[in-house]
Amino acid sequence: MLAFLLCLFGAGFIVTWVYYFGITMRQMTRLPGPRPLPLLGNVLETGLRPNSETICRCLIRLGKEHGPVFQLWLGRKNRIILCGAEYAAALLSSHVELDKALSYKFVEPWLGTGLLTGTGPKWKTHRKLITPAFHLRILEQFVDVFNSNADILVQKLASHVDGPEFDIFPYITYCSLDIICETAMGVSVSAQQDSNSQYVKTIRNVCDSIITRTYKPWLRHNFLFNLSSQGKLHWQWLDILHSKTRSVIQTRKKNLNEKKEPVPASDSDIGRKKCMAFLDMLIQSPGDALTDEDIQQEVDTFMFAGHDTTASSLGFTCWLLANHPHVQDAVVMEQRDILGNSDRYATIHELQQMKYLEQVIKESLRLYPSVFLYGRKITHDLRAGNYLFPAGSDVFILAYMLHRDPKYFPDPEKFDPDRFLPENILNRHPYCYVPFSAGPRNCIGQKFALLEMKALLSQLLRNYQLLPGTTPLSLTNEIVLKSVTGINVLLRHRDNVVL
């Protein structure tokens, strides 16, 4: 009897599944893309055991074959992928379609419903409250934090000067983690000095766990994930991160209530001009607009979104500069024009003058956008060009391919910072280049990120010459775009280089 009931249940599930799959498929027949198989969808396109590398390669290939719009079926669930500026504009400019795609649920246990994952009235209120924290006048306070941590990065890299090629990415990642901890929470985790500390390892573990869950279908359901050994460890790690954030919030609130000066983040910060962390601004928001839980979620969101993305961009920028020495030389000449031969820190006004360095960073983000793919779950039928995307669909922007549209970027694989000269940007489609997204849900921290990258690259290139390694890039989409083979370069002291 039990076997009969199980067979009956299984048959009913398959019939229902095929029925709804057929309905959805008929709705989507006008969209290009590889033909899905019954039950399996496009599993043969992504591989029977898909991972971040194979999915990355698959999306790039399908974008070339089917773009600017195509669909990919994973079982009976389809994903609509946009690679064209006109289609991206329809989604990103919408003030209605603001909900994040279903895949973002995997970061909610860590971030809650902060700015990255939230939606609705709460998201709008928080966005309005937090936006002033990224005003240039506020960001100016953080330049010392950028520079002091860049100093540590330069010191840490010294052991590689005149040595064999090495992966620079871990050094940059720990530096960006130190910066975001100090600017978001006002505390130092000394990731560059102690990369094996519990907090630093826990952040990496949680990020890796989210990636694992994304590419293993049996771990996507909360019930099965929570029963797994991976799920149990994930919750233990999250408890460590949440406890740290809660502890810092309570300490900062107490100090602010008692009007005490913030404690220096580290011994090296003694005597440095004090600055407010983003946390302080959230605590002092008007009225009771933000609860302690809201503050924790927003701080955790800054931590998550503000270190790996910047590290990804910096890593690929270093690789491109190493492989294009004439561009690197032009950046260094600009540094000397602005700062002379001084080894002092650049001020915020001097960072703003580094126009060519900014072009280099933007061109690097065009070729290797930190966020390779990002998406929305649309709540209403969405018209884009000749296509109608039905409500309930997950629609993604494939920034990697969008940025390679030859209509807007001739010879798209070429690294050419002059693409971002003012006269070359003037008549370009506003949605053909969206490394920080665009529209109402654009990245609130993009000015912060750009200043940070300029400060780090300024010090790095004034001290060292980057030379190309022999190990090619092998791209993977692990929350942010990375290379599984690392970002391999060689270093030489800048003093020994004659331009």
(request) Please go through the stretch 182-211 and pick out each residue that is closer than 17 Å to Gln236 by Cα, open to solvent by 30 Å² or more (accessible area, probe 1.4 Å) and over 16 Å from the mean Cα position of the chain (by Cα). (result) Gln198, Lys201, Asn205
(request) Examine the stretch 217-237 for a residue that is part of a helix (DSSP H, G or I), open to solvent by less than 10 Å² (accessible area, probe 1.4 Å) and aliphatic (A, V, I, L, M), and state whether such a residue exists. (result) no
(message) Can you tell me which residue is farthest from Ser209 (Cα to Cα) among those in the stretch 106-158 that are in contact with a strand residue (DSSP E or B) (Cβ under 9 Å, 6 or more places away or on another chain) and open to solvent by 10 Å² or more (accessible area, probe 1.4 Å)?
(response) Ala158
(message) Just checking, does the stretch 441-457 include any residue being among the polar types (S, T, N, Q), in contact (Cβ under 8 Å) with a residue 60 or more places away in the chain and closer than 23 Å to Ile172 by Cβ?
(response) no
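So that you can scan it fast, the table gives a plain yes or no per residue for (1) over 28 Å from Gly445 (Cβ atoms); (2) open to solvent by 30 Å² or more (accessible area, probe 1.4 Å); (3) among the acidic types (Asp, Glu); (4) at pLDDT 75 or above:
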position	(1), (2), (3), (4)
Ile240	no, yes, no, yes
Arg246	no, yes, no, yes
Glu258	yes, yes, yes, yes
Pro262	no, yes, no, no
Leu279	no, no, no, yes
(message) Among the residues of the stretch 452-468, what is the count of those that are open to solvent by 20 Å² or more (accessible area, probe 1.4 Å), of a type outside the set (S, T, N, Q) and touching a strand residue (DSSP E or B) at 6+ places or on another chain (Cβ under 8 Å)?
(response) 2
(message) Just to confirm my filter: which helices (runs of 4 or more DSSP H) fall fully inside the stretch 272-371 and include at least 1 residues that are under 18 Å from Ile130 (Cβ atoms) and of a type outside the set (Val, Ile, Thr)?
(response) 278-283, 292-323
(message) Among (1) buried (at least 20 other Cβ atoms within 10 Å of the Cβ); (2) over 25 Å from Ala89 (Cα atoms); (3) among the β-branched types (Val, Ile, Thr), there is one condition Val480 misses while meeting the rest; what is its number?
(response) (2)
(request) Mind listing just one residue for me: the one in the stretch 425-451 that is part of a loop (DSSP other than H, G, I, E, B) and aromatic (Phe, Trp, Tyr) and, of those, surrounded by the most Cβ atoms within 10 Å (Cβ to Cβ)? (result) Tyr433
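The values are calculated or read from the model by the stated rules, or taken from the named source; none is laboratory data. On a predicted model such as this, the values are computed, not experimentally measured, just so you know. Because the Cβ atoms are built from the backbone with ideal geometry, glycine has one as well, and the counts that use them run over all protein chains shown. These area figures cover heavy atoms from the full protein model, side chains too; ligands, DNA and RNA do not enter into them. Shrake-Rupley method; radii C 1.70, N 1.55, O 1.52, S 1.80 Å.
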